[in-house]
Structure formats: structure tokens, C-alpha cells
Amino acid sequence: MLRFLLSLSLILACDAHALTLRLCTLDQPFPPHTMPDGSGAAQVLLRQAAREEGVTIDNRVAPRLRCLAQLKSGEVDGVMAAFLPERIAYGVFPMAGAAADETRALSVVRFVVYRQKGGAVQWDGSGFAGLDARPVGIQVGLAVAQRLRQTGVTVDEGAKSIAQNLEKLVRGRLQAVVALEGESQPLVERLSDRIEVLPKPFDATPIYLQVHPAYYAAHREAVEKLWNAVRRARKR
């Protein structure tokens, strides 16, 4: 509570007519959604919405877990994140009742399943078949890992990049990999003689601008307008 009040007092001390949002984004490419240089589609859309509402985006770059830690501590005002109920404890999402409002999402991230070429692993959209004792790999810090664990498979979250996981797959240390579709495609094309993608996507996850509770408390109307501007920008 003390940390929240300190963050709130600092935010309220800022000039309300020159609102800035300190945004932490990933230090690794997450194409086409986010890029370290700010050129990702979700970043471009957010800047467009922010310009309409007179908000300046101050972009910070850090690893995924550090971004979440900085949001929790109030070092940054926002991150781009998938909605999970437990994340409400340290950040505010655009909501529609008890669920996140998908119409105000920045983008939708598609995850797919890769296996060794000719392998036995199958994914039918709800469950796996043809598994052995080896784990299924996914990058560390992704919200979709929760759904992967719910399927009952052993999950390996040790990799920081898709390249590391695909290397494990090629070497037989993993039996399958769940990865972001756009990010993995160039690597998959180079390894097309050794790995293949399964036809059904694993998941489609909306990504939102999530803001620190103190920032939202200080600028509730401005944040709601920014989320609404995101919705308008996506419709164009």
C-alpha cells in the first residue's frame, strides 16, 4: 500500500496537460507486434492512439519478466500484456464486466505448435496426442504457458528465445514447441527439412495495454480514452 501511495503521489505531481506514459516493451523481437526499436504493429497503433489523446509514450526496453517486475514496482506505467486474472493484482486492463475488453486490445497473437518433421505429436485444438516423456517447450514469461500446462504436458520454459527452443526440438530434447507464429516463421523456413508446423493453431491471445494501478487512479479518464482510441485505431 505504501508503494502504491508513493507512486500515486509522484504521478499526481506531474503536469496533467503533458501526460506521459512510461511503457516497458520487450528487448527481443516479437513480430509483427512489438520490436525493440518501436516499429512493431502494436506499438505503432498505440502511438497513433496516444497522439489522438495527447499522451506521450516514453518507451523503455527490457526482458519480459523485468518489464512485469517494473510494472509491479511502479518503475514504469504500462506494459503490453495478455490478460490473466492474477495480473489484475498489479495492473489494470481495459475491462468489459469481469473480463478484458477484446475490442480494446492492441493486437491478437497467434501461437502454433511445431514438431520434428514426420513426428508423432498431434494437436487437435484442445489436446495433444502421440506424446512421450519429453517436455513441450515455450519461451519464458508467456501467458499462454498457463494454457499449455493445463493440457497436462510437461512444460520446459527455460528458453529466452524461439531460436533456443527450435534448436532443442531439432536435437530431440523437446517433443514439440509452442511459439509465436510470426516470430518463428523465418527460423522455421530455414529448418523446413527438419521441423514442421501442425495445422491447428494452439491459441489466439489478445494483447492489451496494462497500466499500473496508481497511474490509472491518477489518470482514469485519460487512460480510458486512450483504450477507446486504440479500439478506433484498430477499426481503421
Considering only helices (runs of 4 or more DSSP H) fully contained in the range 1-84, which possess at least 3 residues that are at pLDDT below 95 and surrounded by fewer than 16 Cβ atoms within 10 Å (Cβ to Cβ)? 2-12
Looking across the range 158-185 at residues that are over 22 Å from GLN122 (Cβ atoms) and not hydrophobic (A, V, I, L, M, F, W, C), the single one that is surrounded by the most Cβ atoms within 10 Å (Cβ to Cβ) is GLU183
What do you reckon, is VAL211 assigned by TED's automatic domain parsing to the domain that holds VAL92, under 19 Å from the mean Cα position of the chain (by Cα) and surrounded by 17 or more Cβ atoms within 10 Å (Cβ to Cβ)? yes
Out of the range 176-208, which residues are free of Cβ contacts under 8 Å to residues at least 40 places away in the same chain and either among the acidic types (Asp, Glu) or assigned by TED's automatic domain parsing to the domain that holds ASN228 (or both)? GLU189
Taking interchain pairs and intrachain pairs at least six residues apart, which have beta carbon atoms under 7 angstrom, with the first residue in the range 215-236 and assigned by TED's automatic domain parsing to the domain that holds GLU102 and surrounded by fewer than 20 Cβ atoms within 10 Å (Cβ to Cβ) and the second of a type in the set (Lys, Arg) and part of a helix (DSSP H, G or I)? ASN228/ARG104; ARG231/ARG104
Just checking, does the range 44-58 include any residue being without any contact (Cβ under 8 Å) to a residue 40 or more places away in the chain and in contact with a Lys or Arg (Cβ under 6 Å, 6 or more places away or on another chain)? yes
Turns out the helices (runs of 4 or more DSSP H) fully within the range 153-236 with at least 2 residues that are modelled with pLDDT of 95 or more are 162-170, 213-218, 220-235
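The values are calculated or read from the model by the stated rules, or taken from the named source; none is laboratory data. All figures in this text were calculated on a predicted structure; none of them were measured in a lab. Note that we place each Cβ from the backbone using ideal geometry, even for glycine, and neighbour counts take in every protein chain shown.
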